[in-house]
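The values are calculated or read from the model by the stated rules, or taken from the named source; none is laboratory data. Computed from a predicted model, the values in this text were never measured in an experiment. All Cβ positions, glycine included, derive from the backbone under ideal geometry; neighbour counts span all protein chains shown.
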Amino acid sequence: MIISGRRYMKTQHECIEQVENGLRHEYFIKGDELKSITEAMEEACIPGISVAIIHNFEIVWIKGYGIEDTETGSSVKASSLFQAASISKPL
C-alpha cells in the first residue's frame, strides 16, 4: 500500500517508521534530534498508549506501546481501550 503525501509517496513501512521514530517537541529548532515513541513516553511518564494510522477512513496499522495496567503490568494490545477525551473530536 502506498500513502500519498503532499511532496511524495510513502509506503506503509515508511509511514510506520516516521510515526515510531520521528517525533519532535512542539517547539523545535532545525537540527534537533527526533525521538521514538518509547523515548517520548519515558520523558512524559506515560505508561502506555495505542497508535493507529488511518488512511481514507480506514485503519491501516495499529500498535500498542508500554503497559495498560500499572498494577498488573499487562502490555498494551491493539484491542486495549483508552479514554481519548478531546483528541477524539476530529475523528
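Among the residues of the stretch 53-65, those that are under 16 Å from Phe82 (Cβ atoms), out of contact with any helix residue (DSSP H, G or I) (no Cβ under 6 Å at 6 or more places or on another chain) and surrounded by 13 or more Cβ atoms within 10 Å (Cβ to Cβ) comprise Ile62, Lys63, Gly64. Pairs linking a residue in the stretch 69-80 that is farther than 16 Å from Cys45 by Cα to a residue that is surrounded by 10 or more Cβ atoms within 10 Å (Cβ to Cβ) and basic (Lys, Arg), with Cβ atoms under 8 Å and 6 or more positions apart or on different chains, are Ala78/Lys63. For the stretch 39-48, the set of residues classified as surrounded by 15 or more Cβ atoms within 10 Å (Cβ to Cβ) and closer than 13 Å to Val19 by Cα consists of Ala40 only.
Table: residues versus (1) assigned to a helix (DSSP H, G or I); (2) closer than 23 Å to Ser75 by Cβ; (3) modelled with pLDDT of 80 or more.
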site: Arg7; (1), (2), (3): no, no, no
site: Lys10; (1), (2), (3): no, no, no
site: Glu14; (1), (2), (3): yes, no, yes
site: Gln18; (1), (2), (3): yes, no, yes
site: Phe28; (1), (2), (3): no, no, no
site: Thr38; (1), (2), (3): yes, yes, yes
site: Glu42; (1), (2), (3): yes, yes, yes
site: Val51; (1), (2), (3): no, yes, yes
